[in-house]
1. So if we plug the beta-carbon distance of B:ASP199 and B:TYR120 into 1/(1 + (r/R0)^6) with R0 = 56 Å, what FRET efficiency do we get, rounded to 0.05?
2. Which FRET efficiency value, to the nearest 0.05, do you get for B:LEU80 and A:ASN30 by plugging their Cβ-Cβ distance into 1/(1 + (r/R0)^6) with R0 = 56 Å?
3. Could you give the length gained by full extension between A:THR109 and A:ALA137, i.e. 0.36 nm per residue of separation minus their alpha carbon distance, to one decimal place?
4. Which pairs, out of A:LYS77/B:LYS142; B:LYS46/B:LYS153; A:LYS77/B:LYS156; A:LYS77/B:LYS153, put more than 30 Å between their alpha-carbon atoms?
5. Give the value in nm², to one decimal: projected area of the alpha carbon convex hull of segment B:2-299, averaged over all directions.
6. Under a 5 Å amide H to amide H cut-off, with H placed in plane at 1.01 Å, what residues pair with B:ALA222 once short-range neighbours are removed?
7. Please compute the Kirkwood hydrodynamic radius over the protein assembly as shown, one decimal place, Å, based on all pairs of different Cα atoms.
8. Could you tell me the calculated FRET efficiency between B:LEU137 and B:SER109, based on Cβ-Cβ distance and R0 = 35 angstrom, to the nearest 0.05?
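Derivation of every value follows stated rules applied to the coordinates shown; laboratory data play no part. Everything quoted here is computed from the prediction, not taken from an experiment. Cβ coordinates were reconstructed from backbone atoms using ideal geometry, including for glycine residues, and neighbour counts include every protein chain displayed.
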Amino acid sequence: MKIKGLILVAFMGLTAAHCGDQGNNVTASNGSGSSALNHYTAKLDWQSPLAARTPVSAKLTFLASNGLPAQSVSNIKFNPWMPSMGHGTSTADQRITAVSGTSNEFLVTGIFFSMGGDWEIQLTATVDGTTDQAAIAVSVP
Amino acid sequence: MLKLAAKTVAASLILGCTLLPKAFGCASCGSGGDDPLILYPNERDKTFLALGRTSGFRNVNASGGLATAGGPNERENLTLAYGHSFSLRSFATITVPTFRNVGAEDAVSGVGDPLIATRYTILMPDITEPLIPQVQLIASFKPSQARSVHNSKDSKELLDIFGTGFSDARAGIDIWFGQTAQKFGLAQTITQPLTRTYDGVQYRPGLTARSTATTGYQWTSAVKTLIGVNREQNLGLTVDGVHIGSSEQLNHSIFVTQDYYPSVSQLIRFTISKQAAFGANKNTAQSSTFTLAFQRTIRS
């Protein structure tokens, strides 16, 4: 009886040990999102390897609804948000600066994802005189 | 009245002398289960002290992929619990966890959410009927008092997080076949977190169902090994009345517990558990925990 019990416990332990390394690592990619009222499309290109718990940078490009570069962009709010967990992250070190010689490109530095997983960038901007919101999905490794 | 008292005393003696600590237990108790402390029918007051260390944190996203975890690299915990029985069939416990979150350069200590739990045994084990299980009803409440990810003041390192941010109420049932050397148990609980507002945004976490299956072997009257698995499923988050898609959570965990009874009034328990250990998992965290616990009956 004791041997049967030992075999049972050993089998379950081995099963647990082998099952521990499941899952694939998350891959990161650039992304884009159209605003809620289709006034603009925002495109995000990561300038540094996308990672959690370390500051990263991205180039943000705004296109008007006709697909051409937006003529004027202002009042940009860039808010990383983790929808599945219902929380954001620190934006204290985040800076948004216009890329010289362009009307629609911006460099966002100091973006900090406090953990890996499925995030979205909640974006608000006034593009060509109209304020609208967009969301860009980001998968942080 | 005297007859009833005599019967109660006799029942306590019989249970205490013939079954303890062999027969009693439960599927959802112990460091890998829901409640760290349970009381056996002949125990009036009992204390619990546990030291634990959790490490190997990884996040699991909605697709089941692994990602970098936020918060501490390691979490140490000291858990204190006290239990009091009201009759042969019912008892209540209060559990207070304390934590030390260890980051790369800093460590922060704090108190977690206390747990008030009670169990009522609707079917007592019978030494003459080993196939009849012990059946317990479970009810508990966990008031949220610890800082959570929703009100952390350390939004980069997240070292000051010691709770979920939501009070919750739990009910369930625990079935335990503990009369023979080979043991088996099942438990099912349902937990409803309460709605809470942070920074003007209302959060309503969904219902959580937790299923536990435990088996084990009583090697001697003083040594017992248990192994169990948990499946915990949460229906997802609703924010300002809107259900967030792909926010459902799923976690399959496993635990192995080694019990040693130096005497009938003392228990030393070593537990290894792993969260998100097997099967499909999503929107959860993977981690491994080692816990050493000591229980002592201070009044029988």
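1. Details: r = 40 Å, r/R0 = 0.71.
Rounded to the nearest 0.05, the efficiency is 0.90.
2. For R0 = 56 Å, the calculated efficiency reads 0.65.
3. 8.3 nm
4. From the list (A:LYS77/B:LYS142; B:LYS46/B:LYS153; A:LYS77/B:LYS156; A:LYS77/B:LYS153), the Cα-Cα distance tops 30 Å for A:LYS77/B:LYS142; B:LYS46/B:LYS153.
5. Its Cα hull, projected and averaged over all orientations, spans 16.1 nm².
6. It is none; the list stays empty.
7. Result for the protein assembly as shown stands at 24.1 Å.
8. My answer for the efficiency is 0.50.
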